[in-house]
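Let me begin by presenting the structure, written as structure tokens, before commenting on it.
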Amino acid sequence: LASASGVLDALPRVTCPNHPDAILVEDYRAGDMICPECGLVVGDRVIDVGSEWRTFSNDKATKDPSRVGDSQNPLLSDGDLSTMIGKGTGAASFDEFGNSKYQNRRTMSSSDRAMMNAFKEITTMADRINLPRNIVDRTNNLFKQVYEQKSLKGRANDAIASACLYIACRQEGVPRTFKEICAVSRISKKEIGRCFKLILKALETSVDLITTGDFMSRFCSNLCLPKQVQMAATHIARKAVELDLVPGRSPISVAAAAIYMASQASAEKRTQKEIGDIAGVADVTIRQSYRLIYPRAPDLFPSDFKFDTPVDKLPQL
């Protein structure tokens, strides 16, 4: 990191001679770099690295006005700088049998085509559950490593992509449950779990164990619970784990039970079904975890929690 910062410092930097610390404003239309403090044009004829657009009055509204292709993709073998030939319309575009003379199939290898389809599927799944771009990029990198190793031959690319998305979420600190990934893909939960284990073994990598705190803020937010209830539920789940009250129970079911207990003690009460729908666990699973922590309920709540329902009046289930 130190060497990289040294290289960046050594590169020439365009600055205003009168205000060297000012952040220059770029005028894209004129291609000028302007100092916002004094208005001095520091640089002119700046190259625009964005897409080049053009429209004509007789163009259809559905026609793409971009004159350039997609940005370079380093994950593909040729950087995705291949030529894509448009569909021919004249007689010269077809042979005597009516087949197209020019086909895009020749311009892209089968491996690149498979990876492109997987990348589109990953982007679609990430959009459905509002995942940021950095997780998509990490997922794409994981998929490329697995695909090039050919260690999961025989497995569907969609299943590998779903498992890679699950791993990327865990590695980036925003884990999602198998059920959430399964809901946005066309693959069963069991198949995603199998691919998940095979990928970890093939790449010789690992992921941190999930905890109740990983899901608490998201679950409470989706349930529209106030901050006080979320903090109480987080405290209850953490204390329950520390006191070893829930041995062998899934962190998701423990988090759901803690949210149920905290909400029942507050004015913002939520039913087991409402919590189960958000957390992706069954009502009976929440009840089983709740029964384990209920006997120690007085010791689990934070000291500053404002009870709307006393501890001894909480539902016993």
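The values are calculated or read from the model by the stated rules, or taken from the named source; none is laboratory data. What you are looking at is a predicted structure, and each value in this text was computed from that prediction instead of being measured. Because the Cβ atoms are built from the backbone with ideal geometry, glycine has one as well, and the counts that use them run over all protein chains shown. Side chains are part of the model used for accessible areas, which takes the heavy atoms of the whole protein and leaves out ligands, DNA and RNA. Shrake-Rupley method; radii C 1.70, N 1.55, O 1.52, S 1.80 Å.
Scanning residues 5 or more positions from GLY43 or on other chains, those with amide H under 5 Å from its amide H are MET33, with H placed 1.01 Å from N in the peptide plane. Probing with 1.4 Å while keeping every protein chain in the model, the per residue accessible area of segment 168-241 equals 52 Å². For ASP244, the accessible surface of its heavy atoms amounts to roughly 100 Å² (probe 1.4 Å, protein chains only, rounded to the nearest 10).
Along segment 286-300 the Karplus relation, 6.51 cos²θ - 1.76 cosθ + 1.60 evaluated at θ = phi - 60°, assigns HN-Hα couplings of 5, 4, 4, 5, 5, 4, 6, 9, 4, x, 9, 3, x, 7, 8 Hz to successive residues, with x for each Gly and Pro.
Which sequence of SER303, SER250 reflects their accessible areas, 1.4 Å probe, from the largest down? Please report the intermediate quantities before stating the final value.
Numbers: SER303 125, SER250 55 Å².
From most exposed to least exposed: SER303, SER250.
When only DSSP loop residues count, what GluC sites (Glu not before Pro) in segment 163-243 have their Cβ near at most 15 other Cβ atoms within 10 Å? Mind dumping the intermediate values first?
Numbers: sites: GLU172, GLU180, GLU191, GLU204, GLU242; in loops: GLU172, GLU204.
Qualifying residues, ordered by number: GLU172, GLU204.
Calculate the dipole size of segment 217-317 relative to its Cα centre from +1 charges on Lys and Arg beta carbons and -1 charges on Asp and Glu beta carbons; express the result in debye to the nearest 20.
Numbers: 13 positive and 10 negative charges, 17 e Å.
Computed charge dipole of segment 217-317: roughly 80 debye.
For the set LYS197/LYS239; LYS179/LYS306; LYS189/LYS227; LYS179/LYS313; LYS120/LYS197; LYS201/LYS273, the pairs lying more than 26 angstrom apart at their alpha carbons are LYS197/LYS239; LYS179/LYS306; LYS189/LYS227; LYS179/LYS313; LYS201/LYS273. For ASP44, the solvent-accessible surface with a 1.4 Å probe is about 100 Å², rounded to the nearest 10.
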